[in-house]
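All remarks here apply to the structure that follows.
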Amino acid sequence: METCPPTAVLPPHPPLAQPWITTSEHSQLRSIWKRRWWILLGTAGFAFSNEHQPWLHPVNYAISFAISLAYFVGLWLANGYTGDWLNRHQGWTERPMRRLLLTVGASVLASFSVILVMGEFITVVLWHKDPFFPFRHNVAGQVVAPLVMTVIISLFMHSRSFLLGWREATVRVERLEKETAVARLDSLRRQVDPHFLFNSLNALTSLVEENDPARAVRFIRQLSQVYRYVLDSENQELVPLADEVAFAESYLYLQKTRLGEALAVEMDLPPAAVTPYYVPPLALQLLLENVLKHNAAYQTDPLHLRVTLDPAAHTLTVRNTRRPRRLAPGESSGRGLANLAARYAFLTDKPVVSGEENGEFVVTLPLLVI
């Protein structure tokens with residue numbers, strides 16, 4: 001296979017820009033901490049609007065600053081975590097109008113809850129007034145005005161998040177189309193490569209000369225299946241693992257006919273186990289081809305190749321005896337595994353892992369479930 005660092009996780013493209021509102025745990029706290037100086041500056045300015053001469057009344061200014069900061073942090077966290085929850089359960093792309101209504105409703109409810117709790121705390125603890133005093137005497141200034149302002153700011157943040165997320169999704173789709181096109185082109189070039197066809201025809205010629213028509217007919221049929229699968233799958237993003245395995249068996253039959261006892265293959269893939277899974281087309285074939293291209297095989301010292309499936313981990317593993325051989329210039333571009341990892345990066349968060357283990361080269365592919 002292609003040479004990679006031991007136990008390497010093949011890197012996808014650099015991550016795209018993250019939206020203002022994210023879904024990672026503690027993201028809002030981290031966001032506040034990153035913007036702490038701007039928040040403190042804005043809070044100081046807002047407190048100054050309530051206490052114009054802080055040098056004459058430092059205690060009052062400190063109280064006003066603390067109240068403003070508590071309001072700001074409370075409203076930020078309430079709206080931020082509400083947005084995170086909505087992002088996990090109701091995306092923008094599926095039903096944007098429904099998401100917009102949910103965003104407005106959740107923002108109003110979350111902001112009102114914070115304003116109510118903070119207002120009652122200030123009223124009872126600092127002012128020593130009766131509960132709900134602001135609602136009876138200054139509901140517009142103490143409740144309605146901050147609620148409207150908060151909802152407007154929250155909608156701006158959610159709108160920005162929506163636009164960034166939409167842009168990210170568009171860029172990801174464009175990258176996926178580009179990577180898929182490149183992978184399809186590389187796959188077609190590999191399969192229609194004159195060396196592969198030349199070796200297959202040589203093997204077929206040997207069968208004819210040996211007067212073995214049954215094996216020759218089977219060889220032709222397997223060769224036909226290989227090329228038919230390549231053409232049928234070129235416009236698909238995912239194919240059933242069962243189809244990929246059947247194609248791999250045809251491909252390996254051609255190679256074993258050519259190499260004979262120099263290639264020892266073990267495929268531990270029960271039909272029932274592969275049924276639920278999908279993979280990018282020609283993913284397994286790429287790994288098998290790399291094994292044969294990058295390693296030497298001898299009749300007296302066979303090249304061992306094993307393909308296994310782990311249903312618990314949802315992975316497919318290809319391992320082979322590591323016996324590197326020198327390649328002719330231009331015989332290998334070295335991009336096969338990198339392109340495959342890039343295609344996987346658009347389909348799943350699980351990486352393609354490769355590396356050397358106990359004298360074997362091992363590549364593990366994540367399996368997808370639709």
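The values are calculated or read from the model by the stated rules, or taken from the named source; none is laboratory data. None of these values were measured; they are calculated from a predicted model. Cβ sites come from the backbone with ideal geometry, for glycine too, and all protein chains shown count toward neighbours. Each accessible area value is taken on the protein alone, full model and side chains, heavy atoms only, with ligands, DNA and RNA left out. Shrake-Rupley method; radii C 1.70, N 1.55, O 1.52, S 1.80 Å.
General observations
- Between residue 209 and residue 97, the simple label model (points 7 Å from Cα in the Cβ direction) yields a spacing of 7.4 nm.
- Nitroxide proxy distance, nm - points 7 Å out along Cα→Cβ at residue 39 and residue 85: 2.0 nm
- Modelled FRET efficiency - R0 41 Å, residue 224 with residue 171, Cβ distances, 0.05 increments: 0.55
- Dipole check for the stretch 227-367: with +1 at the C-beta of Lys and Arg, -1 at the C-beta of Asp and Glu, and the Cα centre as origin, the magnitude is about 440 Debye.
- Sequence of 98, 319, 326 when ordered by accessible area, the most exposed leading, probe 1.4 angstrom: 326, 98, 319
- Value of relative contact order over the stretch 224-320, rounded to a whole percent, pairs C-alpha under 8 Å and six or more apart: 32 percent
- With every protein chain in place and a 1.4 angstrom probe, the accessible-area ranking of 65, 121, largest first, reads 121, 65.
- Stretch gain in nm, segment residue 267-residue 29, where the contour uses 0.36 nm per residue and the Cα spacing is subtracted: 80.7 nm
- Shown is the FRET efficiency for residue 246 and residue 155, computed with R0 = 30 Å from the Cβ-Cβ distance and rounded to the nearest 0.05: 0.05.
- Computed about its Cα centre, the charge dipole of the stretch 266-324 is approximately 200 debye, with only Lys, Arg, Asp and Glu carrying charge at their Cβ.
- Cα pair distances in the stretch 280-370, grouped into 10 Å bins until the bin that holds the longest one, percent each: 15, 48, 29, 8, 0
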